[in-house]
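All remarks here apply to the structure that follows.
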Amino acid sequence: MVALFNQFKNLQDNLPYHELSNLPTPINKLSNLGAHIGLNNLYIKEDDKSGEPYGGNKVRKLEFLFGEALAIGVKAVITFGYAGSNHATATAVHAKNAGLKCITALLPQHNAEYLRNNLLMSYVHGAALHHYQTDLKLRFNTFINIFNYRIKNNHLPYWIPPGGSSPTGIVGFVNAAFELKEQIDQGLIDEPDLLYVASGSLGTSVGLTLGFAALNLKTKVVAIRVIDSSFVNKRRFEALYKATEKLLKKHDPSFPSTDFRQANFEIRDEFYGGEYALSTESSIAALNLMREKEDILLDPTYSAKALGALISDIEEEQDKEKTFLFWNTFNSQELSPFTSQISYHSLPKALHPYFEKVQS
Ligand SMILES: *Cc1c(COP(=O)(O)O)cnc(C)c1O
């Protein structure tokens with residue numbers, strides 16, 4: 001179900017879309033956690049269940065990105081991320097199911113168990129994995145790889161930026177805002193006052209903010225930065241917001257014109273912890289509390305930092321009747337049926353240290 005298309009038929013006709021997901025994702029009340037932190041109306045949007053066999057927030061973007069790639073007629077996609085990137089893994093898994101070859105170019109990051117599982121998951125789904133020690137080496141080799149690919153195949157692979165956050169990918173989260181509006185109309189949740197979401201390449205928070213502006217919802221998007229501020233900042237937010245709005249208006253002039261100066265969002269820096277994928281005290285506490293009270297597993301890199309921010313803000317909040325929505329962006333599908341069949345020795349050598357020098 002594509003809620004955006006229900007309202008804008010021109011978008012349905014003009015924007016290529018390739019279904020990968022189980023939309024709408026559920027909305028649920030977190031009664032136990034809410035009671036524990038003194039909130040009466042705490043909800044979760046379960047994008048962890050967005051797709052199979054790999055969910056999380058990237059699936060929504062990939063539906064529009066693959067739609068475009070398939071419409072152009074390419075046979076392969078190329079994308080980028082840190083070694084444990086959920087985005088790179090989601091792209092690899094769903095590319096295979098969409099009949100596309102996936103090439104990923106990765107950079108070093110802090111080691112973690114989820115990282116190792118993601119690498120194995122990408123490999124099992126046939127991705128060509130490349131790992132480079134520096135950004136410069138990645139750029140140089142990507143250029144060579146693409147050049148070689150072009151010679152062999154006579155076309156270029158479709159380019160997906162880190163996190164899938166091109167305007168085309170971000171449309172997936174404008175759609176998510178329209179999906180939430182339908183769930184509000186169905187009475188599953190009141191119009192949220194505040195929505196907390198982890199922010200890395202910005203597409204998720206930008207798409208939701210633009211969608212809420214188009215719908216005239218009061219919901220404020222609180223974007224929790226989990227990566228260096230060169231990736232998450234107001235200037236990039238504005239550029240992506242305006243480019244996505246322009247794309248939508250190009251395909252459907254009846255899509256509302258919004259005023260970015262009125263856009264209802266906030267970027268929060270104080271929960272980052274100084275290094276991508278490094279846990280903080282508040283993210284570990286949030287992760288444990290969510291597991292204990294609701295039996296929901298978050299990840300320390302993204303979703304637990306967003307929940308940590310929400311919990312910290314509640315302590316200051318005067319109005320406990322406000323409706324808070326926590327947007328769960330982390331995949332919750334079990335990967336072991338895929339990853340347990342395979343040894344890391346099959347992966348490119350450059351990735352072996354993640355399996356041999358395990359700190360945690
Ligand atoms: C990528 C990712 C995010 C951040 O989404 P962006 O659109 O890149 O800002 C949040 N949570 C998880 C689990 C992710 O993998």
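The values are calculated or read from the model by the stated rules, or taken from the named source; none is laboratory data. Please read all numbers here as calculations on a predicted model, not as lab measurements. For neighbour counting, all protein chains shown are included, and Cβ atoms are generated from backbone atoms with ideal geometry for every residue, glycine included. All accessible areas refer to the heavy atoms of the entire protein, side chains included, with ligands and DNA or RNA removed. Shrake-Rupley method; radii C 1.70, N 1.55, O 1.52, S 1.80 Å.
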Next item on the list: Note down the magnitude of the dipole of the stretch 206-313 about its Cα centre, charges +1 on Lys and Arg C-beta and -1 on Asp and Glu C-beta and zero elsewhere, to the nearest 20 debye.
Entry: 620
Check: With +1 on each Lys and Arg Cβ and -1 on each Asp and Glu Cβ, how big is the dipole of the stretch 291-360 about its Cα centre, in debye rounded to the nearest 20?
Finding: 540
Next item on the list: Quick one: work out the % antiparallel among DSSP beta bridges in the chain, nearest 5.
Entry: 10
Next item on the list: Measure off, as a whole percent, the carbon and sulfur share of the 1.4 Å-probe accessible area of the stretch 7-65, all protein chains present.
Entry: 38
Next item on the list: Amide H neighbours of residue 76 under 5 Å, at least 5 residues apart or on other chains, H built in the peptide plane: list them.
Entry: 101, 158
Note to self: Can you give the log10 of the normalised intensity I(q)/I(0) at q = 0.14 Å⁻¹, computed with Debye over equal Cα scatterers of the chain?
What the structure shows: -1.19
Item checked: Signed unit charges on C-beta, dipole axis of the stretch 246-349, positive-most listed residue 348, 267, 306 -> 348
Notebook entry, point to check: In whole percent, how big is the carbon plus sulfur part of the accessible area of the stretch 90-220, probe 1.4 Å, protein atoms only?
Noted result: 54
Next item on the list: Please work out the FRET efficiency for the pair residue 291 and residue 350, using the Cβ-Cβ distance as r and a Förster radius of 30 Å; give the result to the nearest 0.05.
Entry: 0.35
Checklist line | Cα extents of the stretch 252-335 along the three principal axes, largest first (Å) | finding: 46, 39, 28
Margin query: Positive end of the dipole of the chain, charges at C-beta (+1 Lys, Arg; -1 Asp, Glu), about the Cα centre: which of 138, 211, 156 has its Cα farthest in that direction?
Written below: 156
Item checked: Two-site label geometry, residue 318 and residue 284: point separation in nm, points 7 Å out along Cα→Cβ -> 3.6
Note to self: For a quick check of your reading of the filter: which trypsin sites (Lys or Arg not before Pro) in the stretch 51-147 sit in a DSSP loop and have no more than 15 other Cβ atoms within 10 Å?
What the structure shows: 75
Next item on the list: Round to the nearest 10 and report in Å² the accessible area of residue 18, as given by a 1.4 Å probe over the protein chains' heavy atoms.
Entry: 50
Item checked: Accessible area per residue in Å² at 1.4 Å probe, computed on the chain -> 42
Note to self: Considering just Cα atoms, how many Å³ per residue does the convex hull of the stretch 212-360 enclose?
What the structure shows: 198
Check: For the chain, list the DSSP H helices whose alpha carbon atoms reach 24 Å or more along the long axis and whose average Kyte-Doolittle value is 1.6 or above?
Finding: none
Notebook entry, point to check: Near the amide H of residue 220, under 5 Å away, which other amide H atoms are found, from residues 5 or more places off or on another chain, if H is placed in the peptide plane?
Noted result: 194, 195
Notebook entry, point to check: Short version: ³J(HN,Hα) in whole Hz for each residue of the stretch 334-350, in order, from phi by Karplus 6.51 cos²θ - 1.76 cosθ + 1.60 (θ = phi - 60°), x for Gly and Pro, what are they?
Noted result: 6, 9, 4, x, 8, 7, 6, 7, 9, 9, 5, 4, 6, 6, x, 3, 4
